[in-house]
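Everything below concerns the one structure shown next.
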Amino acid sequence: NAHASGKLYQFKLVLLGESAVGKSSLVLRFVKDQFDDYRESTIGAAFLTQTISLDDNTTVKFEIWDTAGQERYKSLAPMYYRNANCAVVVYDITQASSLDKAKSWVKELQRQADPNIVIALAGNKSDLSARRAIDSEEAQAYATDTGLLFFETSAKTAVNVNELFTSIAKKMPLEQ
Ligand code: GDP
């Protein structure tokens with residue numbers, strides 16, 4: 001049993017971003033491989049977990065915290081992300097304002113969160129590219145300048161969702 005001899009690393013991951021960009025949908029896709037066009041907003045969810053096997057000896061377990069829609073009503077308490085090891089900051093490629101909001105979340109994390117936090121930027125709803133408002137190259141350049149991982153994702157079609165979380169897992173500090 002490879003797992004028994006291997007190591008399990010656990011990290012707290014938070015999702016941030018404007019309302020309706022698809023944060024809960026990305027979590028639902030990653031954790032349950034499901035998508036719901038008509039889903040209700042998250043209400044008071046705690047957290048979900050999902051594991052990724054990087055190799056026979058290394059398993060990463062994410063404890064994933066969604067905002068429970070609180071960003072709609074008030075600013076999120078710093079308590080939400082204070083002890084996070086990693087963050088996915090999400091925008092919607094069809095909503096220009098959502099990238100500005102994502103950038104302000106990144107700034108807040110870089111000021112207030114753990115200095116070693118691993119941050120990924122996700123441009124979600126890539127299946128709606130006919131309505132694209134945000135250039136992929138522009139977002140990639142911003143991410144590179146800022147030291148963020150970057151993926152364009154679709155929670156709907158599953159494009160790049162596993163890749164996003166796997167690349168975060170690979171960037172986490174794991175002992176050799
Ligand atoms: P949240 O408020 O950021 O958690 O956003 P939700 O996950 O609740 O998603 C908001 C709306 O966008 C819902 O109607 C989802 O079905 C839809 N949605 C989420 N992700 C995608 C996606 O990748 N593609 C498309 N076309 N719709 C999406």
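Only the coordinates and a few stated rules stand behind these numbers; no lab work does. The shown structure was predicted, so the numbers you read here are calculated from the model rather than taken from an experiment. Every residue, glycine as well, gets a Cβ built from its backbone with ideal geometry; the counts of neighbours run over all protein chains shown.
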Isotropic mean projected area of the C-alpha convex hull, region 125-176 (nm²): 4.3 nm²
Hey, what did the chain get for relative contact order, percent, Cα under 8 Å, at least 6 apart? 25 percent
Antiparallel content of DSSP bridges confined to region 48-123, in %, to 5: 55 percent
Considering the options Q34, A133, L76, tell which one lies farthest towards the positive end of the dipole of the chain, charges being +1 on Lys and Arg and -1 on Asp and Glu at the Cβ, about the Cα centre. L76
In deg cm²/dmol, rounded to 500, what helix-only [θ] at 222 nm does the chain give when every DSSP H run of at least 4 residues adds -39500 (n - 2.57) and the total is split over its residues? -9500 deg cm²/dmol
So in the chain, what percent of DSSP beta bridges are antiparallel if you round to the nearest 5? 25 percent
How large is Rg over Rh for the chain, taking Rg from the Cα atoms and Rh as the Kirkwood inverse mean of 1/r across Cα pairs? 0.95
